[in-house]
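S.K.: Just passing along the structure, written as structure tokens.
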Amino acid sequence: MTALAHKKYSVIPGFSLAIGFTVLYLSLIVLIPLSATFLKSLSLGSEHFWEAVTSPRVLASYRLSFGASLLAAAINVVFGLLVAWVLVRYRFPGKRLVDALVDLPFALPTAVAGIALAAVYSRNGWIGHSLEAFGIKVAYTPLGVLVALTFIGLPFVVRTVQPILEDFDGELEEAAASLGASRLQTFLRVIFPSLWPALLTGFTLAFARAVGEYGSVIFIAGNRPMVSEITPLLIITKLEQYDYAGATAIAVSMLVISFTLLLVINGLQWWSHSRRSASASSGGHEPVVDKPGFARAHARPNPAAPIAERP
Amino acid sequence: MAASVAVPRPRFNGKTHPPARVDTEPLWVRWLLTGLALAFLTGFLLIPLATVFSLAFSKGIAAYFDALTEPMAFAAIKLTLLVAAIAVPLNLIFGIAAAWAIAKFEFSGKSVLITLIDLPFSVSPVVSGLIYVLLFGLQGWLGPWLAAHDIQIIFAVPGIVLATIFVTFPFVARELIPLMQAQGTEEEEAALVLGASGLQTVWRVTLPNIKWGLLYGVILCNARAMGEFGAVSVVSGHIRGLTNTLPLHVEILYNEYNSAAAFAVASLLAFLALLTLAAKSFLEWRLKEQFTTQQQENPS
Amino acid sequence: MSIAISNIVKTFGGFTALKGVSLEVEAGELVALLGPSGCGKTTLLRIIAGLDAADSGTILFDGEDATRRHVGERQVGFVFQHYALFRHMTVFENIAFGLRVRPRAQRPAEKEIQRKVHDLLSLVQLDWLAQRYPAQLSGGQRQRIALARALAVEPKVLLLDEPFGALDAKVRKDLRRWLRRLHDELHVTSVFVTHDQEEALEVADRIVVLNQGQIEQIGTPDEVYDHPATPFVYQFLGDVNLFHGRVHEDQAHIGEAELKARGQLNAGASATIFYVRPHELEVLRRPDGSQAVRAWVRDVRRVGSVIRLQLERLDGHGTLEAEMPRERYEDEVHAVQKGEQVFVRPKNMRVFSEHHHGSGVKD
């Protein structure tokens, strides 16, 4: 952390104490345990490692985890946009309640969500019963995995798109209409282009969360090897069989994937943010050098932004 | 009388059409979209939530309260509260320290630090538990040494606390960082010019300004701390009455086909989630208000 | 308290905000730091306050070295551009803050604090706002509360960063007169930063004109306006017409016109630029010997009591702007109209030696 040493002068006290504690705590809780895991995987030897992460059962679990996560995130893009649109644009009774309820997947413990979804979508459940009539089985099939992952990723798209829609300048729509655009044309050519960075961010967030999800899935999945067994569950299975090497190898492969996703998400947010602020600050700009002490953050942190877990 | 050519004129039929509003859709489209959105939310959120409460009482009120008051459930409640009581304050202190350093000072490596703070959110809960097993477990780096000194971390309360701290690590920090960045450093500078000490400045100026954001972060942190399942599941060992938190207790009951009891305990957690959502909505309203007055005060 | 600043240098990364600034402020003076944004004026003010540290140079307060003194011990009052009122405290508590945070031994009794805050509130004529919160005040009220808060600790120096910058035109005018009267009452050494020349000219005892981290001129408002030391000061303190020409034996040659030079035209026979303010341009209907430049009227604008003429030189050397009171326009210039031809004669010109000629000017 030598890079942190370089600091601009400030009269505000407490930098060394604050940064010292931050780095120490971060190292003890996050950095050291994560590094230890990577080190452990190195001790496996590359052959062992490769074998562990490419066995047929593991590959099947990747296919399920990634496939279902992609599909769930795609569903959330469509319905998340719909929900955000309805919440921002229309008025209906109970709207504030619905708005608050959108965050339920963040607030509800995953185990509770898991058993509830399993109950609702099983043969005797309220929805599973109706679907059964059409010959659709959800619980204890890969479809169940999809349902759970859709549930868990639902708030991400809504909460990334919502603030953009709220800030959207109504004059742009009026301008489009005055130029003769139909409502659908206005949506497709004027509104949607400014939404899609947020949609992409929401999609990636939902996907990243879904890939690692465990609690809400295992109750509804049925967990049959090669069919409905997700990767995180496989790690637990290996642990229960005292196969620490196998568990570590799979865990490291997942960590690499999640860190890649994290970088992608950061890049996306930086990109969509710079797009937004570039269009916002087209007016005169004042050199910041005259006010070195209080360069104000231009990002308006949105209190309604996705609050809970960002995968 | 000259015959005039009849020019067909649109007849005024007595009805007037107000000009179509350009900024919204026709009524039927609005109804359709609202209906679709609500149907989706009902199927995925409302029905599962209602199911929790309905199944919890499926064997009657007496059975419900029995499930909550039996010794194992009681031990799980106690452990859950204990874990949250350790993890939340620690992450609170960390959040304040990190936000103070990041929001009030300029230094290089800042964006790397912010990314590292967010790291735990990108790790699968299962992996979050596993990393501590690999560090403190019998097969882990420090396992033999810990065993020799008779210290147990994995399959014991310290492991559960560690895993919980890990998964709730960023909550307070990421709530405070943008808030404190938006507030800038002018008020702190004003306090210092007026002769306040560093502690006085933090206590009398900074903390009152961030109290709602702080509470917001704490509530979210607490909800996750009490509800965490995957990470805790890996390090707990599932010893009833000793290392079972509420979510783990729900799992055990459910796997024993004791569905009514499982949902009874689950309803407790669901109730906590609803409380969290209510508090969150209230605080969002407060924070929004704060942000708008702030923007009126210092238009940048 | 007097302030002596010498050789202050401050850099931010690769950018040098202050390039060795030296300045003396006498006790009881009201000094304006005037310059365009980015000139380093706010940085200088923050260094005087102790909110920023200079890379090199010293600051003396009453002859004592205060360069390393902590901001809380400098006994300065600082009024921030956006006021920085504590938003969670009432107006009363904002003003009382500086007294309440004193160490117990020096802290006044509650009664004394009450009295003092109310005295300050009546000084800024806002006693009726004591229990309001900053968000409930208008911009002008916040400004005065910020001033009262700074005065509560009885500072030896009062520093104000763009004190009227965030206010609308009318309030701004009222407040700056009020600030001047207040200063005459209190006589506390004050330094304020502004980018508005009118504000500096009206309020300050002395003006320090800053540009690109350096002092261009220090002087009374009359001195800097009437005798600007550099082209920058000339241009920054008002509109200006430029004439390219030559000086030869006390005669100024501009195009085909020959003008008797007044003032110190000490340049040789070299090419020069003459600086003339719009109100110093005489507009004549008839030629006056060879002492005038010919032009035709492009536009006539009435701005309240003043008439502004836009003139195009007939020799093709660009446009000029002349300004005069309405009476003179009607009496002496016979209300000349668009398209008519006139003769223009500078009543007063200024020449700067060649190496001064700098950035783009109105021509």
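The values are calculated or read from the model by the stated rules, or taken from the named source; none is laboratory data. Keep in mind the model is a prediction, meaning the values are calculated, not measured. A quick note on method: Cβ atoms are made from the backbone with ideal geometry, for glycine too, and the neighbour counts reach across all protein chains shown. Just so you know, the surface numbers come from the protein's heavy atoms only, side chains and all, with ligands and any DNA or RNA stripped out. Shrake-Rupley method; radii C 1.70, N 1.55, O 1.52, S 1.80 Å.
S.K.: Working carefully through the options B:L146, B:L92, B:L81, find the one that is open to solvent by 20 Å² or more (accessible area, probe 1.4 Å), in a helix (DSSP H, G or I), in contact with a Gly (Cβ under 9 Å, 6 or more places away or on another chain) and more than 9 Å from every other protein chain (Cβ to nearest Cβ). Walk me through how you get there before you give the answer.
M.R.: Working: B:L146 fails: open to solvent by 20 Å² or more (accessible area, probe 1.4 Å); B:L81 fails: in contact with a Gly (Cβ under 9 Å, 6 or more places away or on another chain).
Criteria check complete, one pass: B:L92.
S.K.: Tell me, yes or no, whether segment A:123-133 has at least one residue that is facing chain B (nearest Cβ under 7 Å) and open to solvent by 10 Å² or more (accessible area, probe 1.4 Å).
M.R.: Among the residues of segment A:123-133, at least one is facing chain B (nearest Cβ under 7 Å) and open to solvent by 10 Å² or more (accessible area, probe 1.4 Å), which makes the answer yes.
S.K.: Turning to a different aspect of this structure: I'd like to check which helices (runs of 4 or more DSSP H) are fully inside segment A:1-108 and have at least 1 residues that are in contact with a strand residue (DSSP E or B) (Cβ under 8 Å, 6 or more places away or on another chain), within 30 Å of B:I177 (Cα to Cα) and facing chain B (nearest Cβ under 9 Å). Spell out how you get there, then give the answer.
M.R.: Working: elements: A:15-26, A:32-42, A:46-53, A:56-89, A:95-101, A:104-107.
Per the criteria, A:15-26.
S.K.: Can you spot a residue in segment A:134-153 that is within 12 Å of chain B (Cβ to nearest Cβ), touching a Lys or Arg at 6+ places or on another chain (Cβ under 8 Å), in a helix (DSSP H, G or I) and open to solvent by 20 Å² or more (accessible area, probe 1.4 Å)?
M.R.: no
S.K.: Within segment C:46-74, can you find the residues that are within 25 Å of the chain's Cα centre (by Cα) and more than 11 Å from B:E189 (Cα to Cα)? Explain how you work it out, then say what you get.
M.R.: Residues of segment C:46-74 that are within 25 Å of the chain's Cα centre (by Cα), as a first pass: C:46-54, C:57-61.
Matches in segment C:46-74: C:I47, C:I48, C:A53, C:A54, C:G57, C:T58, C:I59, C:L60, C:F61.
S.K.: When you look at A:A175, is it without any contact (Cβ under 8 Å) to a residue 60 or more places away in the chain, outside any helix (DSSP H, G or I) and out of contact with any strand residue (DSSP E or B) (no Cβ under 7 Å at 6 or more places or on another chain), yes or no?
M.R.: On the way: without any contact (Cβ under 8 Å) to a residue 60 or more places away in the chain: yes; outside any helix (DSSP H, G or I): no; out of contact with any strand residue (DSSP E or B) (no Cβ under 7 Å at 6 or more places or on another chain): yes.
Answer is no for this residue.
S.K.: Also, quick follow-up: From the list C:G255, C:G339, C:G289, which residue is modelled with pLDDT of 80 or more and at positive phi? Reasoning before the result, please.
M.R.: Values: C:G255 fails: modelled with pLDDT of 80 or more; C:G289 fails: modelled with pLDDT of 80 or more.
Unique residue meeting the criteria: C:G339.
S.K.: Being more than 8 Å from chain B (Cβ to nearest Cβ), in a loop (DSSP other than H, G, I, E, B) and modelled with pLDDT under 85, is that true of even one residue in segment A:260-281?
M.R.: Yes, segment A:260-281 contains a residue that is more than 8 Å from chain B (Cβ to nearest Cβ), in a loop (DSSP other than H, G, I, E, B) and modelled with pLDDT under 85.
S.K.: Still on this structure, I have one more. Given the residues B:T201, B:T243, which is the only one that is open to solvent by less than 10 Å² (accessible area, probe 1.4 Å), more than 27 Å from the chain's Cα centre (by Cα), more than 7 Å from every other protein chain (Cβ to nearest Cβ) and among the hydroxyl-bearing types (S, T, Y)? First the steps, then the outcome.
M.R.: Numbers: B:T243 fails: more than 27 Å from the chain's Cα centre (by Cα).
One residue alone meets the criteria, B:T201.
S.K.: Further question on the same structure: Can you find a residue that is polar (S, T, N, Q), without any contact (Cβ under 8 Å) to a residue 40 or more places away in the chain and assigned to a helix (DSSP H, G or I) anywhere in segment B:245-260?
M.R.: yes
S.K.: To continue, here is another question. What number of residues within segment C:11-58 satisfy the criterion of being within 13 Å of another protein chain (Cβ to nearest Cβ), closer than 21 Å to C:D222 by Cα and open to solvent by 10 Å² or more (accessible area, probe 1.4 Å)?
M.R.: Of the residues in that region, 1 qualify.
S.K.: Checking the structure you have, find out if any residue of segment A:66-88 is out of contact with any helix residue (DSSP H, G or I) (no Cβ under 7 Å at 6 or more places or on another chain), closer than 30 Å to A:P163 by Cα and open to solvent by 50 Å² or more (accessible area, probe 1.4 Å).
M.R.: Looking through segment A:66-88, at least one residue is out of contact with any helix residue (DSSP H, G or I) (no Cβ under 7 Å at 6 or more places or on another chain), closer than 30 Å to A:P163 by Cα and open to solvent by 50 Å² or more (accessible area, probe 1.4 Å).
S.K.: Additional query: Taking C:A66, is it under 21 Å from C:S2 (Cβ atoms), in contact with a strand residue (DSSP E or B) (Cβ under 7 Å, 6 or more places away or on another chain) and more than 11 Å from every other protein chain (Cβ to nearest Cβ)? It would help to see each step written out before you state the result.
M.R.: Details: under 21 Å from C:S2 (Cβ atoms): yes; in contact with a strand residue (DSSP E or B) (Cβ under 7 Å, 6 or more places away or on another chain): yes; more than 11 Å from every other protein chain (Cβ to nearest Cβ): yes.
Yes, satisfied.
S.K.: Being more than 10 Å from chain B (Cβ to nearest Cβ), of a type in the set (D, E) and within 23 Å of the chain's Cα centre (by Cα): is that true of A:E166 here? Don't jump to the end; show me each part of the working.
M.R.: On the way: more than 10 Å from chain B (Cβ to nearest Cβ): yes; of a type in the set (D, E): yes; within 23 Å of the chain's Cα centre (by Cα): yes.
For A:E166, the condition - more than 10 Å from chain B (Cβ to nearest Cβ), of a type in the set (D, E) and within 23 Å of the chain's Cα centre (by Cα) - is met.
S.K.: Looking at C:A146 and the list (1) surrounded by 20 or more Cβ atoms within 10 Å (Cβ to Cβ); (2) more than 16 Å from C:S190 (Cβ to Cβ), which single condition is not satisfied?
M.R.: Result: C:A146 passes all but (2).
S.K.: Exactly one condition in (1) open to solvent by 20 Å² or more (accessible area, probe 1.4 Å); (2) out of contact with any Ser or Thr (no Cβ under 9 Å at 6 or more places or on another chain) is false for B:F107; which is it?
M.R.: (1)
S.K.: I'm checking my understanding of the structure. Among residues of segment A:162-189 that are open to solvent by less than 80 Å² (accessible area, probe 1.4 Å) and closer than 18 Å to A:V78 by Cα, which one is modelled with the lowest pLDDT?
M.R.: Start the filter on segment A:162-189 by keeping residues that are open to solvent by less than 80 Å² (accessible area, probe 1.4 Å), which leaves A:162-165, A:168-170, A:173, A:175-177, A:180-183, A:186-187.
Narrowing the set further to residues that are closer than 18 Å to A:V78 by Cα leaves A:162-165, A:187.
Details: A:Q162: 92, A:P163: 89, A:I164: 89, A:L165: 90, A:F187: 85.
Restricting to residues being open to solvent by less than 80 Å² (accessible area, probe 1.4 Å) and closer than 18 Å to A:V78 by Cα, the top hit is A:F187.
S.K.: Could you list, in sequence order, the residues of segment C:53-75 that are of a type in the set (G, A, S) and more than 18 Å from C:A150 (Cα to Cα)?
M.R.: If we filter segment C:53-75 for residues that are of a type in the set (G, A, S), which is where we start, we get C:53-54, C:56-57, C:63, C:66, C:72.
Within segment C:53-75, C:A53, C:A54, C:S56, C:G57, C:G63, C:A66 meet the criteria.
S.K.: Collect the residues in segment B:161-186 that are more than 7 Å from chain A (Cβ to nearest Cβ), within 17 Å of B:I102 (Cα to Cα) and open to solvent by 10 Å² or more (accessible area, probe 1.4 Å), keeping them in residue-number order.
M.R.: Of all residues in segment B:161-186, those more than 7 Å from chain A (Cβ to nearest Cβ) come to B:161-164, B:167-168, B:170-177, B:180, B:183.
Imposing the further condition that a residue be within 17 Å of B:I102 (Cα to Cα) reduces the set to B:170-177, B:180, B:183.
B:R174, B:E175, B:I177, B:Q183, listed by residue number.
S.K.: Also, I was wondering about something else. Yes or no: A:F203 assigned to a helix (DSSP H, G or I), at pLDDT below 90, under 20 Å from A:V77 (Cβ atoms) and of a type outside the set (K, R)? Break it down into steps so the answer makes sense when it comes.
M.R.: On the way: assigned to a helix (DSSP H, G or I): yes; at pLDDT below 90: no; under 20 Å from A:V77 (Cβ atoms): yes; of a type outside the set (K, R): yes.
In short, no.
S.K.: I'm trying to understand the selection: among the residues of segment B:95-119, which are at the interface with another protein chain (Cβ under 8 Å from one of its Cβ atoms), free of Cβ contacts under 8 Å to residues at least 60 places away in the same chain and small (G, A, S)?
M.R.: Within segment B:95-119, B:A97, B:A101, B:S108, B:G109 meet the criteria.
S.K.: Just the residues that are in a helix (DSSP H, G or I), open to solvent by 10 Å² or more (accessible area, probe 1.4 Å) and either at positive phi or at the interface with chain B (Cβ under 7 Å from one of its Cβ atoms) (or both), please, taken from segment A:240-257.
M.R.: A:Y244, A:M254
S.K.: Inspect all residues belonging to segment B:187-196 and state whether any of them is without any contact (Cβ under 8 Å) to a residue 12 or more places away in the chain, of a type in the set (D, E, K, R) and facing another protein chain (nearest Cβ under 7 Å).
M.R.: Yes: segment B:187-196 contains one or more residues that are without any contact (Cβ under 8 Å) to a residue 12 or more places away in the chain, of a type in the set (D, E, K, R) and facing another protein chain (nearest Cβ under 7 Å).
S.K.: Could you say which residue among C:D161, C:D196 is among the acidic types (D, E) and either open to solvent by 10 Å² or more (accessible area, probe 1.4 Å) or without any contact (Cβ under 8 Å) to a residue 12 or more places away in the chain (or both)?
M.R.: Details: C:D161 fails: either open to solvent by 10 Å² or more (accessible area, probe 1.4 Å) or without any contact (Cβ under 8 Å) to a residue 12 or more places away in the chain (or both).
On inspection, the qualifying residue turns out to be C:D196.
S.K.: Mind telling me which of the residues A:Y62, A:Y25 ends up being under 18 Å from B:V123 (Cα atoms) and free of Cβ contacts under 8 Å to residues at least 24 places away in the same chain?
M.R.: Values: A:Y62 fails: free of Cβ contacts under 8 Å to residues at least 24 places away in the same chain.
Only one candidate qualifies: A:Y25.
S.K.: Right, something else. Check off (1) at the interface with chain A (Cβ under 9 Å from one of its Cβ atoms); (2) buried (at least 21 other Cβ atoms within 10 Å of the Cβ); (3) farther than 30 Å from B:F282 by Cα for B:I153 and give me the number that stays unchecked.
M.R.: (1)
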